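The values are calculated or read from the model by the stated rules, or taken from the named source; none is laboratory data. This one's a predicted model, so the numbers in the text were calculated from it and none came from an experiment. Note that each Cβ is placed from the backbone with ideal geometry, even for glycine, and that neighbours are counted across all protein chains shown. Remember, those area values only see protein heavy atoms, side chains included, never the ligands or the DNA or RNA. Shrake-Rupley method; radii C 1.70, N 1.55, O 1.52, S 1.80 Å.
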Amino acid sequence: MTFKIYFGGPLFNEMEQMYNAHVVSKLREKYGNRIEIYLPQENEAINDKSGFANSLAIAQGDNDYLEEADLLIAVLDGVTPDSGLSAELGYYYSKERPIIGLYTDVRQGTHGNQKKIDALDEVAESQFSYINLYTVGLVKLRGEILTSSDDLVEKLEDYLPKE
């Protein structure tokens, strides 16, 4: 039985699509036929933006894969997590299945730099990233958040059925 993964994240520009494809390629290369990954941008029926798919087709198309998935990988990067991904995450959370968040923002942590901490007291001088804490909480209640694609590739092993 193949372990099914839904790989969710923003997919509306070349950079986002290239990143998603890069990470999914790394996962497919390492785990081969042990996993089956649904990457929404590969579903041209609903995500080829030169074509047309209405909201119902998009919602049902992705929900069909969310229903079957054993794991959701959620790319949380960006100014805020992608709104579509946030909806998918909430939907999938209700299935009580595991979620791995991928949040690679380099502004995380103090790196031992007191000036970064002191700047928090100045208006509009925060040196840190922000991510919606409700979204973070949903991911952590079902799994964990990793900070690099390399960590994701290695950590996925812990979620796969033992051979």
Note to self: Compute the helix-to-body angle for 55-68: its Cα long axis versus the longest principal axis of the chain, expressed 0 to 90° and rounded to tens.
What the structure shows: 90
Next item on the list: Would you kindly find the accessible area of Ser94, with a 1.4 Å probe and non-protein molecules such as ligands, DNA and RNA excluded, rounding to the nearest 10 Å²?
Entry: 80
Checklist line | Accessible area expressed per residue, the chain, with surrounding protein chains retained (probe 1.4 Å, Å²) | finding: 59
Item checked: Per residue, the convex hull volume that the Cα atoms of region 1-54 enclose (Å³) -> 83
Notebook entry, point to check: Which pairs in the list Lys30/Lys95; Lys26/Lys140; Lys116/Lys155; Lys26/Lys155; Lys116/Lys140 are over 21 Å apart, alpha-carbon to alpha-carbon?
Noted result: Lys30/Lys95; Lys26/Lys140; Lys116/Lys155; Lys116/Lys140
Note to self: Translational diffusion coefficient of region 37-114 at 10 °C, 1.306 mPa s, Stokes-Einstein with Kirkwood Rh over Cα pairs, in µm²/s as a whole number.
What the structure shows: 111
Next item on the list: Take the solvent-accessible surface of the protein heavy atoms, probe 1.4 Å, and return the percent of it on region 70-163 that carbon and sulfur atoms account for.
Entry: 52
Notebook entry, point to check: How much accessible surface does His22 have with a 1.4 Å probe, in Å² rounded to 10?
Noted result: 100
Next item on the list: Using only protein heavy atoms and a 1.4 Å probe, report how much of Arg142 is accessible, in Å² to the nearest 10.
Entry: 60
Item checked: Nearest-ten-degree value, helix 14-31 long axis tilted from longest Cα axis of the chain -> 70
Checklist line | Cα long-axis angle, helix 83-93 against the chain (0 to 90 degrees, to the nearest 10) | finding: 70
Notebook entry, point to check: Measuring from label point to label point, each 7 Å out along Cα→Cβ, what is the Ala57 to Val123 span in nm?
Noted result: 4.9
Note to self: With only alpha-carbon pairs counted, each pair once and no self-pairs, how large is the Kirkwood hydrodynamic radius of region 9-149 in angstroms?
What the structure shows: 16.7
